[in-house]
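Below is one structure, written out as structure tokens, with a few remarks after it.
The values are calculated or read from the model by the stated rules, or taken from the named source; none is laboratory data. Please read all numbers here as calculations on a predicted model, not as lab measurements. Positions of Cβ are backbone-derived with ideal geometry, glycine not excepted, and every protein chain shown enters the neighbour counts. Ligands, DNA and RNA are excluded from the accessible area calculation, which covers all protein heavy atoms including side chains. Shrake-Rupley method; radii C 1.70, N 1.55, O 1.52, S 1.80 Å.
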Amino acid sequence: MVDVQHLSLNYGDLNDARSGRVPPGGVLGSDAAGVVVQAAAEGGGPAVGTRVVALTSGAFAERVAVEVSALAEVPQSVDLAEAAALPVAGIAALQALRAGGLAQGKRVLVTGASGGVGRFAVQLAAHAGAYVIASVGSLARGQDLAKAGADEVVVGLEGVHQPVDLVLDNVGGPQMVAAWELLASNGSLQSIGWTSGEPAVFQPYSTVGPPKSLASFLIGGEVGADLATLVQLVADGSLSVEIGWRGPWEQVPQAAEALIGRRVKGKAVLDLRAVAG
Ligand SMILES: NC(=O)c1ccc[n+]([C@@H]2O[C@H](COP(=O)([O-])OP(=O)(O)OC[C@H]3O[C@@H](n4cnc5c(N)ncnc54)[C@H](OP(=O)(O)O)[C@@H]3O)[C@@H](O)[C@H]2O)c1
């Protein structure tokens with residue numbers, strides 16, 4: 001049982017609310033960080049008082065019961081508010097890069113790179129030695145992405161003409177179709193999200209030719225190990241967490257508006273306790 005101190009808001013939380021997947025009265029949320037107040041009855045989990053971050057349904061609560069396999073310990077050197085930003089966005093970036101065969105020297109295109117998943121993906125791909133192209137909606141949204149490790153920052157797919165080996169797509173719609181056209185033989189497009197809300201229309205025969213794949217992506221497996229990897233990368237300074245919006249829990253509507261309005265760079269984090277852990 002975790003006493004929650006910080007939450008992060010994900011695009012998926014908004015989709016869950018809008019689509020009715022989590023009905024009115026249900027508890028939204030996936031990302032929480034806080035302190036263990038009751039250890040797992042079956043053992044094997046962290047002791048009372050341990051600082052942890054978790055990916056769990058119903059995370060937007062003061063206390064949440066979490067599977068031991070879905071959390072990671074957070075060392076004192078890592079701010080709990082930063083840890084709260086890691087679960088959904090960080091794990092999606094890590095797992096999609098892995099699923100797409102990330103390797104040193106590969107050309108990786110990340111769309112929606114200014115957002116939560118995108119910003120982590122840019123850093124993780126650069127850390128692995130890939131050549132990273134970060135696609136954003138406007139140059140202002142792309143500020144700092146070069147510092148985060150992007151070799152190129154482009155608006156839409158403007159100026160990208162050379163084939164890419166891996167696409168992490170957060171936008172969907174016509175831009176995903178254009179990204180598919182850029183994909184090299186044996187390349188992989190991981191369809192993570194669809195923030196554009198627009199349909200994707202493939203021209204006849206555009207999916208016929210040298211082998212390449214378009215894969216639906218969904219976070220899966222026992223996420224605790226990936227969460228621990230991300231926390232460790234933050235702890236050793238290899239991964240930075242950009243919190244583009246932060247405020248008290250009561251301001252969740254403002255956070256949601258900022259996210260929908262494309263005004264959050266990186267992550268939106270909400271504080272449940274006055275004093276950050
Ligand atoms: N499949 C999974 O397991 C999984 C896991 C995590 C997230 N997701 C999905 O992945 C997507 C990204 O998540 P996120 O947390 O990174 O969201 P986010 O922080 O809101 O970032 C999304 C980015 O997409 C771009 N965008 C937003 N609206 C757009 C529009 N109308 N047209 C074109 N681009 C637009 C924005 O970049 P600009 O403003 O620069 O254009 C924004 O930075 C979401 O659809 C989310 O639901 C899926």
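Some values worked out for this structure:
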item: Residue, nearest to the chain's Cα centre (by Cα), within segment 154-173, restricted to residues that are near the ligand (Cβ under 10 Å from one of its atoms) and open to solvent by 10 Å² or more (accessible area, probe 1.4 Å); result: Asn170
item: Residue selected from segment 80-116 under the condition assigned to a loop (DSSP other than H, G, I, E, B), more than 8 Å from the ligand (Cβ to nearest atom) and touching a strand residue (DSSP E or B) at 6+ places or on another chain (Cβ under 8 Å), by the criterion farthest from Trp194 (Cα to Cα); result: Gly105
item: Among the candidates Val37, Val68, Val52, residue that is open to solvent by less than 30 Å² (accessible area, probe 1.4 Å) and either within 23 Å of Ile192 (Cβ to Cβ) or not assigned by TED's automatic domain parsing to the domain that holds Gln162 (or both); result: Val52
item: Subset of segment 229-277 [within 16 Å of the ligand (Cβ to nearest atom), surrounded by 17 or more Cβ atoms within 10 Å (Cβ to Cβ) and more than 26 Å from Val122 (Cβ to Cβ)]; result: Val252
item: Qualifying residue in segment 131-148 (condition: away from the ligand (no atom under 16 Å from the Cβ), modelled with pLDDT of 95 or more and open to solvent by less than 40 Å² (accessible area, probe 1.4 Å)); result: no
item: Selection status of Arg119, at pLDDT 95 or above, surrounded by 24 or more Cβ atoms within 10 Å (Cβ to Cβ), basic (Lys, Arg) and not in a loop (DSSP other than H, G, I, E, B); result: yes
item: All positions within segment 1-43 that are free of Cβ contacts under 8 Å to residues at least 12 places away in the same chain and within 21 Å of Glu242 (Cβ to Cβ); result: none
